[in-house]
Every structure is written in structure tokens, then in C-alpha cells.
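Worksheet for the structure shown next.
The values are calculated or read from the model by the stated rules, or taken from the named source; none is laboratory data. Fair warning: this is a prediction, and the values are worked out from it, not measured in the lab. FYI the Cβ positions are ideal-geometry reconstructions off the backbone, even for glycines, and counts take in every protein chain you see. These accessible areas exclude ligands, DNA and RNA; they are computed on the full protein's heavy atoms, side chains included. Shrake-Rupley method; radii C 1.70, N 1.55, O 1.52, S 1.80 Å.
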Amino acid sequence: GRRARVGAAGLGFAWAATTAQQASAMQSIVVAALSADPVERRKGEDGLRASERQPGHTLRMLKCLAGQAASVVPPPAALFCAQAVQKSLRRAPLPELDEALAAVLLAATREAAARGWQAGLIQLCLACAVTAIRAGETTLLAAFDGNASAVERLAALQLLALVAEELHSPASKISVAPARPAALRAALVSQADATLATLHRWFEEAAAAAA
């Protein structure tokens, strides 16, 4: 029954934590969950479920992503982690959406943009969008002002598009009080003129550079 399933999940998490050598415990779990071997895959899936029940799951996945995405070509495990992060952020306890997590998320998003890793960038921008919606304010969005580099602009444009999509028609359910999305919409509307002016300036600079 349920008790047996919980026990299996705990064993899966312990297995990953004790057999990981050079990789982190979570990296071992993710690699196992993607294994073609049914036994290894079950262990990995049990480990993931056990991690999800413990505080800090999203941050663990982000740290796992940092290790996986360090490759020249990010492996399937990296995209798996990025997807897991944005899904987890939709329902993670609000106290976990703190400054420490935001800093790691921002760093991962910038790294994906810098590497031109489009699939990962989409998932991480989704994660940023979801976090902004649950917070009900634009602090996280403002971190991508586009002034630092063309890479920042790429991330900013992707993020703006995904925030609009998630506010209008979320890809999946977001655990949030109705007042938070409403507050974010109001903030975006109040900043619309400045945002449009910035986008116009980027367009003009890009056109001048291409001329």
C-alpha cells in the first residue's frame, strides 16, 4: 500500500545518496531515472519522489543542473533537471522561493543563454516566469534588463514571452493566490511604456549593427 511505496521511495533516495561518488546524490538519481535498465530507472524514480517530499528539492535540482549543463553539449539529464525545476516551482512551498534559490536560478538561466542552449533556456525562463507569478512582482524579471549583453537580451525576450503565456494560459497549474498574478499584471502594465521603449532601442541597435 501507500506505506510500502513511501518505503521504496526512501530506499531509492538512500541508494542514490550512498553510491554517488564523483557526481552528487541528485545527479546519480537523475541519471538512474533516465536509465534504459528498468531496475536502475525504478531506483532513480523512487529517489526523485523521495526528494520531492523533502524541503529544498528545487534547489537540489538546480545544483544538479549546474553539474550536468557544464558539458559542451548538455546531456539529456540537464534538460530533465531544467524541466523538473520549472515543474517543481509551480507547487513548491513559498518559503523555499527565497533569494538563495533566485540567485541560483538566475545564474542557471544566464548560463543557458550564454551557451545558446535553447531547450534549457525555455525551461529556465519558464521557471523564472512561474517564480515571478507566485511572488506577484517583477524583481526577478528586472534582473534581465538586457543592458549587460546580447545574451541578457535573449533571455529577457524569452522571459517576457513566457510570462505573458503563463499569465494568460499556464502550461500547468501554478499554486498561487489569485491576487499574486493580478499584482504582476498590474506591475507589467505600469511598466509597459518603459518596456516598449527598451525593446524599440534594442531593435534599432540590432538593425544598426547589421547594416
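At a 1.4 Å probe, what is the % contribution of carbon and sulfur to the accessible area of segment 60-211?
On the way: 4870 of 7670 Å².
Within segment 60-211, the accessible surface is 64 percent carbon and sulfur.
At a 1.4 Å probe radius, which order do 144, 203 fall into by accessible area, largest first?
Heavy-atom accessible area, descending, gives 203, 144.
For the pair residue 208 and residue 148, what calculated FRET efficiency results from E = 1/(1 + (r/R0)^6), where r is the Cβ-Cβ distance and R0 = 25 Å, to the nearest 0.05?
Calculated value: 0.85.
Using just the helices of the chain, give the 222 nm mean residue ellipticity in deg cm²/dmol: DSSP H runs with n ≥ 4 each add -39,500 (n - 2.57), and the total is spread over all residues, rounded to 500.
Helices in the chain give a 222 nm mean residue ellipticity of -24000 deg cm²/dmol.
Which net charge results when you count Lys and Arg as +1 and Asp and Glu as -1 among the other residues whose beta-carbon is under 12 Å from that of residue 54?
Result for the neighbourhood of residue 54: +1.
When all protein chains stay in place, what accessible area (Å², nearest 10, 1.4 Å probe) is found for residue 117?
For residue 117, the solvent-accessible surface is approximately 40 Å².
For a protection proxy built on the mean count of beta-carbon atoms within 10 angstrom, sort 120-126, 155-161 highest first, please.
Those peptides, ordered most packed to least, come out 120-126, 155-161.
Pop the C-beta distance of residue 198 and residue 172 into the FRET formula with R0 = 25 Å and round what comes out to the nearest 0.05. Walk me through the numbers before you get to the answer.
Numbers: r = 30 Å, r/R0 = 1.21.
Taking R0 as 25 Å, the efficiency between residue 198 and residue 172 is 0.25.
Using the basic label-point model (7 angstrom from Cα toward the beta carbon), what is the residue 119 to residue 165 distance in nanometres?
According to this spin-label approximation, the distance is 1.6 nm.
What span do the alpha-carbon atoms of segment 51-107 cover on each of the three principal axes, reported in whole Å from largest to smallest?
Principal-axis extents of the Cα atoms in segment 51-107, largest first: 34, 21, 15 Å.
Determine the relative contact order of the chain: mean sequence separation of Cα pairs under 8 Å and six or more apart, normalised by residue count, in whole percent.
Working: 242 pairs, mean separation 29.4, N = 211.
It rounds to 14 percent for the chain.
Using a Gaussian network model of the chain with C-alpha springs under 10 Å, which one of 118, 68, 86 is most mobile by mean-square fluctuation?
The residue that fluctuates most here is 118.
Can you compute the equivalent ellipsoid semi-axes for segment 98-196, i.e. the square root of 5 times each eigenvalue of the Cα gyration tensor, sorted largest first and rounded to whole Å?
Equivalent ellipsoid of segment 98-196: 21, 15, 12 Å, largest first.
Can you give me the accessible area per residue for the chain, using a 1.4 Å probe, in Å²?
That works out to 53 Å² per residue.
Could you tell me the calculated FRET efficiency between residue 42 and residue 96, based on Cβ-Cβ distance and R0 = 22 angstrom, to the nearest 0.05?
Efficiency, rounded to the nearest 0.05: 0.20.
Among 52-62, 168-178, how do they line up from the highest to the lowest mean number of other beta-carbon atoms within 10 Å?
Highest-to-lowest ranking by the protection proxy: 52-62, 168-178.
For a bin width of 5 Å, list the pair-distance distribution of the chain built from all Cα-Cα distances, rounded to whole %.
1, 7, 14, 17, 18, 15, 11, 8, 5, 3, 2, 0, 0, 0
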